[in-house]
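**Q** Structure below; questions to follow.
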Amino acid sequence: MIRRDNIGDLVCTTPLVFSLRERYPDAHIAALVNTYNEAVLAGNPALDAVYAYEKGKHRGQSRSLVAVYAARLRFLARLRRQRFDYAILATPGFAPRSLRLARLIAARHVLGYTDHGRKHARLDIALPYDAANGAHEVEQVFGLLKALGVSGPPPASRVFAQAEERRSVEQELARMGGDAPLVGVHISARKKSQQWSAENFAALIRAIAARRKARFLLLWAPGDPDNPKHPGDDDKARAVAQRCEGLPVLACPTTTLARLIAALSLCDFVVCADGGAMHLAAGLGRRILCFFGDSGPERWRPWKVPHVLLQPASRDLADLSVTEALSGFERLETFPAPAP
């Protein structure tokens, strides 16, 4: 299985992985991903191996592009010796870069979607892709398995927290004290239309705290907002924390993806915008209050977990009020917690 894009996209591919394992219990099933999203599959019991390569745009400052691409060629040569029977291009629509990887590792058969009904000579098993079918991302990816004899509705997505990372966050929470329900508030979002202000997040935290006993885990992508490669929300998090002084709020910058997964796994509720953190929370079975700006809920809503989804008519979160968000959270509280 090859999935080389974003965190949420890979989370939405985990139902395919588990159904593939159920259909072929004795097969060797591996995933080819990138180092940016690799932690999504850590500890996944349905996989025998996870192989990750480094994208040029994700390289460290000390790594040259030449070094990155040379390492990738050596990496693909090792995979080529695995002699895979099938490569599944687990992406809705035609995926030329994933197809190139599948051919470089010499998979005997390549399964993927075509675009616009055209045949692609380099796809051995090609399924037509309909971008306008209104299906969820999980369903679109899962549809590839029809060619391998797997049908039926996709199961829930599943993500697993690493024990060491989870213990680290637990220790920080223990120092804060208390045993009230934990509300994770993730304030970062890449798209401007998906961004809610520090003032709004702080006001929502204060409003929840005024109505019920709760502890809060403030989560964000750390760094400078002006960083062109990896913009962060340190300033925004500082502003939220200052406005919530005196409340049980633990600031938890998610320096790694594994730490974000661990932190979310400890939450009873998660408040966030549509994005990778939302899909991770769904994969961990959390109850979610999610804010949608200019993205489609039909395709990207949390998959098979209790959630309340809010989207302004303008499709811009600048128009979502704190009152509406609080009402959404109160509705979320009425949903039973998912079974562990």
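The values are calculated or read from the model by the stated rules, or taken from the named source; none is laboratory data. Remember, predicted model here, so these are calculated numbers, not experimental data. Please note: Cβ atoms are built from the backbone with ideal geometry, for glycine as well, and neighbour counts cover all protein chains shown. For the accessible areas, the whole protein counts, side chains as well, though only heavy atoms, and no ligand, DNA or RNA atoms are used. Shrake-Rupley method; radii C 1.70, N 1.55, O 1.52, S 1.80 Å.
**Q** Provide the packing ranking of 269-278, 163-172, 6-15, i.e. peptides ordered by the mean count of other C-beta atoms within 10 Å per residue, highest first.
**A** Peptide ranking by packing, descending: 269-278, 6-15, 163-172.
**Q** On to the next question. So between Ala339 and Arg212, what do we pick up on full extension, going 0.36 nm a residue minus the alpha carbon distance? Walk me through the numbers on the way to the answer.
**A** Details: separation 127, 0.36 × 127 = 45.72 nm, distance 2.31 nm.
Computed gain between Ala339 and Arg212 is 43.4 nm.
**Q** Taking the Cβ of Ala30 as the centre, find all other residues whose Cβ is under 15 Å away and add up their charges (Lys, Arg: +1; Asp, Glu: -1).
**A** Details: positive: Arg3, Arg4, Arg21, Arg78, Arg80, Arg81, Arg83, Arg108; negative: Asp26, Glu38, Asp48, Asp85.
Once all neighbours under 15 Å are counted, the net charge is +4.
**Q** I've got another one for you. I'd like to check one number: the per residue accessible area of the range 182-252, probe 1.4 Å, reported in Å² as a whole number. Don't skip to the answer; put the middle values down first.
**A** On the way: 3550 Å² over 71 residues.
Here the per-residue accessible area is 50 Å².
**Q** Within the chain, what is the number of lysine pairs with alpha carbons under 17 Å apart, leaving out pairs fewer than eight places apart on the same chain?
**A** Working: Lys55/Lys229; Lys57/Lys229; Lys191/Lys229; Lys191/Lys236; Lys192/Lys229; Lys192/Lys236.
For the chain, qualifying lysine pairs total 6.
**Q** Evaluate the distance, in nm, between pseudo-label points positioned 7 Å from the Cα of Asp124 and of Ala49 along their respective Cα→Cβ axes.
**A** According to this spin-label approximation, the distance is 1.7 nm.
**Q** In addition: Using a Förster radius of 41 Å, what is the FRET efficiency between Arg100 and Asp234 based on their Cβ-Cβ separation? Nearest 0.05, please. Write out the running numbers ahead of the final one.
**A** On the way: r = 37 Å, r/R0 = 0.91.
FRET efficiency, Arg100 to Asp234: 0.65.
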